[in-house]
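Q: First the structure, which I've put down as structure tokens, then a few questions once you've had a look.
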Amino acid sequence: MADGKPALDAERDAIVGALVPLVDGIAATFGPVCEVVLHDYRDPEKSVVAVAGALTGRSAGGAMSEIGLRMLARGDEAADELNYLTRTKGGQQLKSSTMVLRDSTGAVFGALCVNVDVTAVQQAQALLAGIGGAGAAETPTTTFGNDIDSVVEAIVDAHQLRRGRTWVQLDRAQRLELFRGLDEHGVFAVRRAIEQVAARLGISRASAYSYLSQARAATGTPATSEPASDGGAA
């Protein structure tokens, strides 16, 4: 139906508009330890529609985090993720929930996210665990930012750090694993990501497309079209 997309977009706009007042309301209920962020995934690079609270330093018009990219990669298979722990670069421990937004067709197009600073609680738990002889589990750092470039770069760097090796030290299987992991995290769902990943790894754009296509072929994911070679070093 020709009017299908405009009608769906109007419906999604209405859902987002109805949720905007809730952002301030939820944050006010929990006070300064709470941050609420409303995302519209139709524009990943400027997905933040509204934000209340200042735990991650984001503002309206900012980009989605790596959690949002992961949701975007899952598409309509994405599900709510509730009460998980994240950590900001500043060391704050956050208890977070991401609740996906769906239109009447069931398609995922956004999310309402709630972050609560539980740093003091985590510190108390670590102290008690130390007294009791048990070690506290390490919470992974999550990158939050107003621009998608910093988020993509942080994901690439984190994947390399986990392997403890630079790109030139990786064999072919490890390189494909790296691209597969980046793809699963939704990195390539945003514009210019392939060029940014290539630059971060010090390889050509054509090489990056080739590794991504091979990684997707191994998992049965539709391959990415191959661009013309840009002449850079692999």
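Here is a yes/no grid of residues against (1) among the basic types (Lys, Arg); (2) within 30 Å of PHE179 (Cβ to Cβ); (3) surrounded by 18 or more Cβ atoms within 10 Å (Cβ to Cβ):
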| site | (1), (2), (3) |
| --- | --- |
| VAL16 | no, no, yes |
| PRO21 | no, no, no |
| SER47 | no, yes, yes |
| ALA63 | no, yes, yes |
| ASN83 | no, no, no |
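Results for (1) under 18 Å from GLU153 (Cβ atoms); (2) within 15 Å of the chain's Cα centre (by Cα); (3) in a loop (DSSP other than H, G, I, E, B); (4) β-branched (Val, Ile, Thr), shown as yes or no for each residue.
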position	(1), (2), (3), (4)
ALA54	no, no, yes, no
SER59	no, no, yes, no
ALA63	yes, yes, yes, no
GLY68	yes, yes, no, no
ARG74	no, yes, no, no
GLY91	no, no, yes, no
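Q: Residues being surrounded by 14 or more Cβ atoms within 10 Å (Cβ to Cβ) and either under 20 Å from the mean Cα position of the chain (by Cα) or of a type outside the set (D, E, K, R) (or both): count how many of those fall in region 23-41.
A: 13
Q: Which of the following residues is among the hydroxyl-bearing types (Ser, Thr, Tyr), surrounded by fewer than 18 Cβ atoms within 10 Å (Cβ to Cβ) and more than 20 Å from GLU66 (Cα to Cα): SER150, SER213?
A: Result: SER213 is the single residue among SER150, SER213 that is among the hydroxyl-bearing types (Ser, Thr, Tyr), surrounded by fewer than 18 Cβ atoms within 10 Å (Cβ to Cβ) and more than 20 Å from GLU66 (Cα to Cα).
Q: May I pose another question? Of everything in region 100-141, what is modelled with pLDDT of 70 or more and open to solvent by 60 Å² or more (accessible area, probe 1.4 Å)? Give them in sequence order.
A: Within region 100-141, ARG102, SER104, THR105, ALA120, VAL121, ILE131 meet the criteria.
Q: Can you work out which of the residues in region 166-198 that are β-branched (Val, Ile, Thr) and more than 16 Å from GLU66 (Cβ to Cβ) is most open to solvent (accessible area, probe 1.4 Å)?
A: My answer is VAL168.
Q: If GLY202 meets every condition in (1) within 25 Å of VAL48 (Cα to Cα); (2) modelled with pLDDT of 80 or more apart from one, which number is that one?
A: Only one criterion in (1) within 25 Å of VAL48 (Cα to Cα); (2) modelled with pLDDT of 80 or more is unmet by GLY202, namely (1).
The values are calculated or read from the model by the stated rules, or taken from the named source; none is laboratory data. On a predicted model such as this, the values are computed, not experimentally measured, just so you know. Glycine also receives a Cβ, built like all others from the backbone with ideal geometry; neighbour counts cover every protein chain displayed. Side chains included, ligands, DNA and RNA excluded: accessible areas come from the protein's heavy atoms. Shrake-Rupley method; radii C 1.70, N 1.55, O 1.52, S 1.80 Å.
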